[in-house]
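Engineer: Attaching a single structure in structure tokens format; questions to follow.
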Amino acid sequence: MITNHAKAFSALADPTRRLVFERVARRATSVQKLADGLDVTRPAVSQHLKVLKDAGLVIDRQEGTRRIYRIDPRGVEAMRTYLDRFWDRSLAAFKAAAEEEPRP
Amino acid sequence: MTAVQTIPPVRKQVVVDASAEHCWRVFTEETTRWWPAEHHIGKSPLKRAIIENAAGGRWYATHEDGSETTTGTVRVWDPPKRLVLVWQINADWQFDPQLDTEVEITFTPDGASRTVVVLEHRDLDKFGTRASDLRAGIDAEGGWGMFMASFRKAAEG
């Protein structure tokens, strides 16, 4: 369901970048907070976030003067879409089966 | 921004012209009759889809080559009213015993020969985040379950 596996793997091969990603996965956060918590310079954090974003692992949004990063929910949304269709089909088929000539 | 991101559950409803008892039987004992045959995670075509008839039972499939694949387990078995299954296939199409997403099906009679069947598949955010693990801080390496598991596999393989 994740379309960008290869890119994402290589993005996470760097241990610091992986740490940045894990922090973002835990809670949506700003560049400054990440830099403070990880003892990494702000420009370095920004660079890591850029790579993670290019790999489809995080998304960002401007909030006032801060840019907030969070994990990219598209992989999860794709799963939800699949299940939505799957249960639609299944229940339609179930209804048809249950309404066939009742069995003793 | 401390709000937790949640994925809304999938909710479905069908009205069936049959009794709740009959609906329950078709759903749980004749699962193969309605399960979409191409939806399975096996290497060989689906033979039977099986929901074992008791709490704690397995929810699984058998395949034409004799193999079996597991979808999850039965959590609540309360015929002919309420069934709760645990779906444990992750977004990489692997059975994952750590994944726990509930599918609740209720059968509500509407007269003697009509039943309202409601299905809810919830806890979908767990496909992305093993939220409980993250909160407990049990596994600092974990988190984005479906991704990290396959990442580890690839990294270690």
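No lab work stands behind these numbers, since they all come straight from the coordinates. Because the structure is a prediction, the values reported are computed rather than measured. All Cβ positions, even for glycine, are placed from backbone atoms using ideal geometry, and neighbour counts span all protein chains on display.
Engineer: Would you list A:D60, A:D88 from fewest to most Cβ contacts within 10 Å? Mind dumping the intermediate values first?
Structural biologist: On the way: A:D60 18, A:D88 15.
If I rank by nearby Cβ atoms, fewest first, I get A:D88, A:D60.
Engineer: Taking R0 as 25 Å, what FRET efficiency do you get between A:K50 and A:R70 from their Cβ-Cβ distance, rounded to the nearest 0.05?
Structural biologist: Values: r = 15 Å, r/R0 = 0.60.
That gives a FRET efficiency of 0.95.
Engineer: Okay, next question. 7 Å from Cα along Cα→Cβ at both A:T81 and B:S113: what's the point-to-point distance in nm?
Structural biologist: Between A:T81 and B:S113, the label points sit 4.2 nm apart.
Engineer: Shifting gears a bit: So, counting K/R as plus one and D/E as minus one, what does the shell of residues with Cβ under 11 Å around B:S113 add up to? Working shown, then result.
Structural biologist: Numbers: positive: B:R114; negative: A:E99, B:D17, B:E21, B:D110.
After counting each charged neighbour, the total is -3.
Engineer: Same structure again: Collect residues whose amide H, placed 1.01 Å from N in the peptide plane, falls under 5 Å from the amide H of B:A18; neighbours closer than 5 in sequence don't count.
Structural biologist: Residues meeting the amide H criterion: B:R114, B:T115.
Engineer: I'd like the FRET efficiency for B:E120 and B:E52, computed as 1/(1 + (r/R0)^6) with the beta carbon distance as r and R0 of 22 Å, rounded to 0.05. Walk me through the intermediate numbers first.
Structural biologist: Values: r = 21 Å, r/R0 = 0.96.
After rounding, the FRET efficiency stands at 0.55.
Engineer: Along region A:16-24, what does the Karplus equation 6.51 cos²θ - 1.76 cosθ + 1.60 (θ = phi - 60°) give for ³J(HN,Hα), rounded to whole Hz, x for Gly and Pro?
Structural biologist: 5, 5, 5, 5, 4, 4, 5, 5, 5
Engineer: Taking Rh as the Kirkwood radius computed over C-alpha pairs, what is the Stokes-Einstein D of region B:5-134 at 25 °C in a medium of viscosity 0.890 mPa s, expressed in µm² per second? Working shown, then result.
Structural biologist: Values: Rh = 15.6 Å.
For the chosen part, D equals 158 µm²/s.
Engineer: Which length gain, in nm to one decimal place, applies between B:A37 and B:V76 when the Cα-Cα distance is subtracted from 0.36 nm times their residue separation? If you can, show how the numbers build up before the last one.
Structural biologist: Working: separation 39, 0.36 × 39 = 14.04 nm, distance 2.49 nm.
Answer, rounded to one decimal: 11.5 nm.
Engineer: Would you mind counting up the charge near B:R122? Only other residues with Cβ under 9 Å from its Cβ, with Lys and Arg at +1 and Asp and Glu at -1. Present the calculation step by step, with values, prior to reporting the outcome.
Structural biologist: On the way: positive: B:R11; negative: B:E102, B:E104, B:E120, B:D123.
Once positives and negatives cancel, what remains is -3.
Engineer: Rg and Dmax of region B:16-78, using alpha carbons, in Å: what are they?
Structural biologist: 12.4, 37
Engineer: Given R₀ = 25 Å, FRET efficiency for A:A96-B:D100 by Cβ-Cβ distance, to 0.05? Before the final figure, lay out the partial values.
Structural biologist: Numbers: r = 31 Å, r/R0 = 1.22.
The value I calculate is 0.25.
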